[in-house]
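The structure appears below as structure tokens.
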Amino acid sequence: MAETVPAADGGATPGRPSRAAAFFPAQAGRFDDPAMREQIDALVAWVQERFREDLARRPSKHVYVDTLPPEAVARIDRLRGGAEIVGRIERHFGSGWAVSPMPNTDELYLSHYNKDRGGDQGLFDRHYDGNLRFLPASAVVRALIYLQSDATYTVVFAGSGLAKAFGSHEFGLLDFHRELHWVEGEFNPSDRQRILLKCNYLVTPRDTPVWTALVRGANTAVFYVVKAAMEYSKSPRTPAQAVVGFFCNVFRRLNIVHPLVPFAFVGAVLAALALGIHRLAG
């Protein structure tokens, strides 16, 4: 039923928090419960009605779940909070770790395969979703819940040695910061529109409220900044959008080298600008 791979070397022992970064190996599964599938189908019908125009055009569209109507959020809660997903994460890390949802970062994703050098091209090229994998004793696990999808695109999880073409009622779990992955396929307008949920779960050692708050704050801040830049520059139509899209793709490639390289790059640019302003002022 589910496709899984063993944990990579260097991961924390389940149930035993470690200062080392705990790698969560990618997994694939599906919702077999008829009641859960009914919830998914009802949600798809609602999305198709509510976002009819967005589904008919490109590029992709992200909508934060907490901005949706309460009835839609209630259906999503049954999926993202269920044992199929949360239980898998808890079983992997064990009782010494706390798994806490990050609902303010969860998104409804209307996906159109898109490579036009804009900010969202990184959703399909080789990339890490996050750039905080240097933080110790923490992880963020992302759930990709495929509400509707033709299995015509393959998601390759390189770090875990897993490749999967996801169909409707299926889901994938991956390490947000540490799983190098990409999408293989070609856009076909006759395919069924891919409608996904992207839901995130913070994992930290139990009974570490200060550390958990710090890690949650860092993840949330970086998430919103990166997402805003990607959304602004997707399918760029203005010079400013093209520039932001260019840097989104540059930072994505630098992040593959090392997560601190993008921060160093930004620091060097700011230092150069400050020096230039100082010289002009002098």
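The values are calculated or read from the model by the stated rules, or taken from the named source; none is laboratory data. Quick caveat, the model's predicted, so the values are computed rather than measured. Note that we place each Cβ from the backbone using ideal geometry, even for glycine, and neighbour counts take in every protein chain shown.
Quick notes on this structure:
- When the residues of the range 48-80 are filtered to those that are of a type in the set (A, V, I, L, M, F, W, C) and touching a helix residue (DSSP H, G or I) at 6+ places or on another chain (Cβ under 8 Å), the one that is nearest to N188 (Cα to Cα) is L55.
- Residues that are more than 15 Å from A26 (Cβ to Cβ) and in contact with a strand residue (DSSP E or B) (Cβ under 6 Å, 6 or more places away or on another chain) occur at least once in the range 159-168.
- Within the range 32-81, the set of residues being part of a loop (DSSP other than H, G, I, E, B) and either at pLDDT below 95 or over 20 Å from the mean Cα position of the chain (by Cα) (or both) comprises D32, D33, F51, A56, R57, R58, P59, S60, P69.
- Test: residue in the range 141-154 that is among the aliphatic types (A, V, I, L, M) and surrounded by fewer than 18 Cβ atoms within 10 Å (Cβ to Cβ): yes
- Of all residues in the range 250-282, exactly one satisfies the criterion of being under 20 Å from the mean Cα position of the chain (by Cα) and surrounded by fewer than 10 Cβ atoms within 10 Å (Cβ to Cβ), namely V257.
- Residues that are at pLDDT 85 or above, over 27 Å from R75 (Cα atoms), in contact with a Pro (Cβ under 9 Å, 6 or more places away or on another chain) and not in a helix (DSSP H, G or I) occur at least once in the range 206-216.
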